[in-house]
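Okay, structure first, notes after.
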Amino acid sequence: MNLKAHIDNDIFHLIGNVADTMNIDAYVVGGYVRDIILKRPSTDIDIVCIGSGIELAKQVAQTLPQKKKVSIFKSFGTAMIHYYSLGKDWQIEFVGARKESYRRDSRKPIVENGTLQDDQNRRDFTINAMAISINEQTFGELLDPFDGIYDINRQIIRTPLDPDITFSDDPLRMLRCIRFATQLNFSILPETFEAIKRNCERIKIISQERITEELNKMLMSRHPSLSFQLLDRSGLLKIIFPEFVALKGVESVGEKSHKDNFLHTLQVLDNVAKQSDKLFLRWAAVLHDIAKPLCKHYDEKTGYSFHGHEVKGSYMVEKIFRRMHLPLNENMKYVQKLVFLHLRPIALVEQVTDSAVRRCLFEAGDDIEDLLILCQSDITSKNILKKQRYLSNLRLVQKKMKEIEEKDRIRNFKVPVSGEEIMEMYNLTPCKTVGILKDAIKDAILDGNIANDREEALKFLDSEAKKLGLKKKE
Ligand code: CTP
């Protein structure tokens, strides 16, 4: 097969010509070739040559119209050029064909050079092991020893070699396999999947950063639940994310039972994914009920309940983020906040007072829309009537929130008198009283007892301070 038309541009001709003058064979290989066939646009190009990838990169950089810096990773035998052309930022990585397993981020130095076939043998999946020649004579010729094209057409993920070898070369590939299956909506060949089951314990030797990077990619796919189903069935999930597996199962006593919180969470995650591309909103969906197994309680009269799971869950977020090497910054705080508040909008339905709505707006702040997406996604009842009732109640709450926000501007609300001012006015040093007075003003505004206005706040402060026996400075 000739794929010339797909790579017929200055970049590939230039690299091919340089390879010709160096008298070496060069190919574009891996994900870029896969994505050409899948018609997925990509700007990450991997070039493999039968010789020194670093030398080829250096010569290419010299020949480019705009002279370019080459980043060289000597012990890995790779070199990288960033190049702007054809309206895009290209990342071109060069490597010499090798006999041992290929991993871009491998810490192992390369030892032995190999042929193209050696190199293709040690790649992860047949769909990622195709190469296209870029030397002038053979420009565009596809080299596909494992029928990657056929696997793309039948939508199958399969390893080129015995999967036990491919996965033990780099156990992260078990996660890559599930991630590709989800992203591309492909099936995993049963023998390949069986090998993941057999080798799942080996994931323990992989760094958490690499694991989390894959989890994030899975979460960002169109139907992220697919990944988690496969991770669970393969045995990987209980190793990398035991809290998630703990959500599985239904318990019942007589007529009373509770839903399977694992399946429910997956449904919520897919619902959120339909409405938002925000990675951390998807994490909030994964974690919203994470504390349920720890908060489960059975009562003969009322059945099962999970009181306090939103509070406990928001505490668990930090522990999980730490272990997963996810950022412990405002993104984590955002997830904690959403987990903590995820029941609030629905609870408002029962008592949709202005003051309760103001408090919810105040606590959610600018994340109120995301909270409402999570909350709406959390309505997964199979009972259509019940579901419709919840949804229409939630719409009511939303309407009320809009009205109150327009009127009172609560979501970015700050108490109109600062702690420093209170200290100055009443001759106080930093102490509990300052906090009490500030909270009293905040509550009075949120409860609607005074307007969100500095003058009213100062008047109110005066009366509160008097109650505490404080004297105002003259
Ligand atoms: N590769 C591999 N084993 C790995 C990682 C990568 O064999 N653990 C090979 C595959 O041939 C892959 C190529 O290196 O196609 C490039 O890797 P990378 O850029 O990480 O992945 P892509 O396949 O391009 O896909 P994505 O960018 O979505 O990760």
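The values are calculated or read from the model by the stated rules, or taken from the named source; none is laboratory data. Source: prediction; values computed, not measured. Cβ coordinates were reconstructed from backbone atoms using ideal geometry, including for glycine residues, and neighbour counts include every protein chain displayed. Protein only, heavy atoms only, side chains kept; ligands, DNA and RNA dropped before computing areas. Shrake-Rupley method; radii C 1.70, N 1.55, O 1.52, S 1.80 Å.
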> Ranked by accessible surface with a 1.4 Å probe, highest first, in what order do Thr380, Thr115 come?
Replying inline: Thr115, Thr380
> Arranged from highest to lowest average of other beta-carbon atoms within 10 Å per residue, in what order do the peptides 299-306, 89-96 appear?
Replying inline: 89-96, 299-306
> Which residue, chosen from Ile132, Pro145, Ala195, occupies the Cα position most advanced towards the positive end of the dipole of segment 118-214, where the dipole is computed from +1 (Lys, Arg) and -1 (Asp, Glu) charges on Cβ about the Cα centre?
Replying inline: Ala195
>> I'd like the Kirkwood hydrodynamic radius of the chain, using the inverse of the mean 1/r over distinct C-alpha pairs, in Å.
In response: 26.5
>> Explain nothing, just the number: relative contact order of the chain, from Cα pairs under 8 Å at least 6 residues apart, as a whole percent.
In response: 8
> Among Ile205, Ile211, what's the order by accessible area (1.4 angstrom probe), most exposed first?
Replying inline: Ile205, Ile211
>> Given a 1.4 Å probe and heavy atoms of the protein chains only, how would you sort Ile7, Ile384, largest accessible area at the top?
In response: Ile384, Ile7
>> At q = 0.11 Å⁻¹, what log₁₀ I(q)/I(0) does segment 38-164 have when each alpha carbon counts as one equal point scatterer in the Debye sum?
In response: -0.42
> About the Cα centre of the chain, what is the dipole size in debye to 20, counting +1 per Lys and Arg Cβ and -1 per Asp and Glu Cβ, all else neutral?
Replying inline: 1140
> Counting only DSSP beta bridges with both residues in the chain, what percent are antiparallel, rounded to the nearest 5?
Replying inline: 80
> Ile72 accessible area, nearest 10 Å², 1.4 Å probe?
Replying inline: 70
> Can you tell which of Ile239, Val335, Gly249 lies farthest toward the positive end of the dipole of segment 205-345, using +1 and -1 charges on the Cβ of basic and acidic side chains (Lys, Arg; Asp, Glu)?
Replying inline: Val335
>> Can you order the peptides 462-473, 153-164 by their average number of other Cβ atoms within 10 Å per residue, highest first?
In response: 153-164, 462-473
>> Taking the full set of protein chains and a 1.4 angstrom probe, give the accessible area of Leu281 in square angstrom, rounded to the nearest 10.
In response: 0
>> For a quick size check, give me the Cα extents of segment 129-207 along its three principal axes, largest first, whole Å.
In response: 47, 25, 21
>> Filter Lys312/Lys400; Lys438/Lys466; Lys217/Lys319; Lys217/Lys278; Lys238/Lys274; Lys39/Lys88 down to the pairs with a C-alpha to C-alpha distance above 19 Å, please.
In response: Lys312/Lys400; Lys217/Lys319; Lys238/Lys274
>> Can you give me the solvent accessible area of Ser381 with a 1.4 Å probe, rounded to the nearest 10 Å²?
In response: 40
> When the accessible area of segment 317-414 is split by element with a 1.4 Å probe, what percent falls to carbon and sulfur?
Replying inline: 51
>> Over the Cα atoms, compute the radius of gyration (one decimal) and Dmax (the largest Cα-Cα distance, rounded to a whole number) for segment 139-263, in Å.
In response: 16.9, 71
>> What is the distance in Å between the Cα centroid of segment 1-61 and that of segment 152-202?
In response: 26
>> Taking the solvent-accessible surface of protein heavy atoms with a 1.4 Å probe, what is the per residue accessible area of the chain in Å²?
In response: 50
>> Let me see the P(r) profile for segment 329-434: every Cα-Cα distance counted, bins of 10 Å, each bin given as a percent of all pairs.
In response: 13, 36, 27, 16, 6, 2, 0
